[in-house]
Amino acid sequence: MTLEELNNQILKCEKCSLSKTRTNVVPGEGSSKADIMFIGEGPGQKEDEQGVPFIGAAGKLLDKLLALINLKREDIYIANVIKCRPPGNRDPLPEEVEACRPWLDQQIEIIKPKLIVLLGRYSMDRFLPNQKISIDHGKPKRRNMQVYYPIYHPAAALYRNGLLEDLEKDFKRIPRVLEMIKKDKIVINKEEKVEQAELGI
């Protein structure tokens, strides 16, 4: 199955109650051959209206951060843990996250990204449960041969000025993390944390 075929299936999804309140499904956007996949929480109002991920204020900040490392949206793939906007932008419910789990898993399987950047605590909890974004942001971790890189969500940096500096620093490390993955020089300690010394960051 191609990514386009999968996303066409996602557009018709009625697995949870969000299908009754959404305007548009937001499967994701970008290259099916991307080395880097960014995963956020879920669509906001503008994303729901247009069916495109990260197009509001947080999306504009994401574009600026991508430019810091000479990347554009077409170079990466952007998706969310859930594909439909929760009413009033409330937090996703566990059953909604579970309903969307197979869709996101299949997207990852098709794209096969070398690095998955987890944007914010909900995305981090989906792949790295029992971790804290305030402690573990900017620390690459490997689970089942996939390297994850948790960082703050751009929306959080918009509302908490102190986070923007951390977010920019973490973003600037992404090319180095990817380089080390490609060279297969990432090593893991007993907690499966990528050794920072090996990354040179």
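The values are calculated or read from the model by the stated rules, or taken from the named source; none is laboratory data. Here the structure is a predicted model, which means the values were calculated and not measured. No Cβ is skipped: glycine too gets one built from the backbone with ideal geometry, and neighbour counts run over all protein chains shown.
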Complete set of residues in region 58-72 that are of a type outside the set (Asp, Glu), closer than 17 Å to HIS153 by Cβ and surrounded by 14 or more Cβ atoms within 10 Å (Cβ to Cβ): ALA58, GLY59, LEU61, LEU62, LEU65, LEU66
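Per-residue answers, yes or no, for (1) at pLDDT below 95; (2) not in a loop (DSSP other than H, G, I, E, B):
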{"site": "SER134", "(1), (2)": "yes, yes"}
{"site": "GLY138", "(1), (2)": "no, no"}
{"site": "TYR149", "(1), (2)": "no, yes"}
{"site": "ALA156", "(1), (2)": "yes, yes"}
{"site": "LEU178", "(1), (2)": "no, yes"}
{"site": "ILE181", "(1), (2)": "yes, yes"}
{"site": "ILE186", "(1), (2)": "yes, no"}
{"site": "ALA197", "(1), (2)": "yes, yes"}
Residues of region 137-179 classified as acidic (Asp, Glu) and either crowded, with 18+ Cβ neighbours inside 10 Å or under 12 Å from ILE116 (Cα atoms) (or both), total: 1
ILE133 without any contact (Cβ under 8 Å) to a residue 24 or more places away in the chain, crowded, with 18+ Cβ neighbours inside 10 Å and within 15 Å of VAL117 (Cα to Cα): yes
Failed criterion for GLU168 (all others in (1) of a type in the set (Asp, Glu); (2) modelled with pLDDT under 95; (3) more than 27 Å from GLU14 (Cβ to Cβ) hold): (2)
Failed criterion for TRP103 (all others in (1) out of contact with any Cys (no Cβ under 8 Å at 6 or more places or on another chain); (2) closer than 19 Å to THR23 by Cβ hold): (1)
